[in-house]
Each structure stands twice: as structure tokens, then as C-alpha cells.
Amino acid sequence: MLGWALTFLVLALIAGFLGFTGVAGAAAGIAQFLFFVFLILLVISFVARAVRGRPPV
């Protein structure tokens, strides 16, 4: 999922550089949404691992 967020970020940067502000804004919004979803899932996985009591590998 982080890969998709980075892909949309690169797409937004390229579109912004070429002057396609609408496409750049949409791609940046998608990248931001995917990044925050990734962070939420990361925190949930850390909490789940801590609750189980397993040491990190």
C-alpha cells in the first residue's frame, strides 16, 4: 500500500510540473489518503503484536 501511495505522489509531482493541476491535486489527495491508511494499519499491527506478547523479530 505504501508503494501505491508513493506511485500517486510521483504522478502528482509529474502532473504538477507539466501544468496539469487538476490531475496533480487528485493524485496528491489519493496519495495522502493511502499514506494515512498505511499508517493506521501499521499502528494496528504494532498494537496487535504488543498484545500478543511476542518480541519483534
(request) Convert each backbone phi in segment 27-35 into a coupling constant with the Karplus relation 6.51 cos²θ - 1.76 cosθ + 1.60 (shift: θ = phi - 60°), then list the ³J(HN,Hα) values in order as whole Hz, x for Gly and Pro. (result) 5, 5, x, 5, 4, 5, 4, 5, 5
(message) Can you compute the FRET efficiency between Phe38 and Ile14 using 1/(1 + (r/R0)^6), with r the Cβ-Cβ distance and R0 = 30 Å? Round to the nearest 0.05.
(response) 0.90
(request) Determine, from the Cβ-Cβ distance of Val51 and Thr7 and an R0 of 25 Å, the FRET efficiency 1/(1 + (r/R0)^6), rounded to the nearest 0.05. (result) 0.15
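Every number in this text was worked out from the coordinates using simple rules, so none of it is lab data. Computed from a predicted structure; not experimentally measured. All Cβ positions, glycine included, derive from the backbone under ideal geometry; neighbour counts span all protein chains shown.
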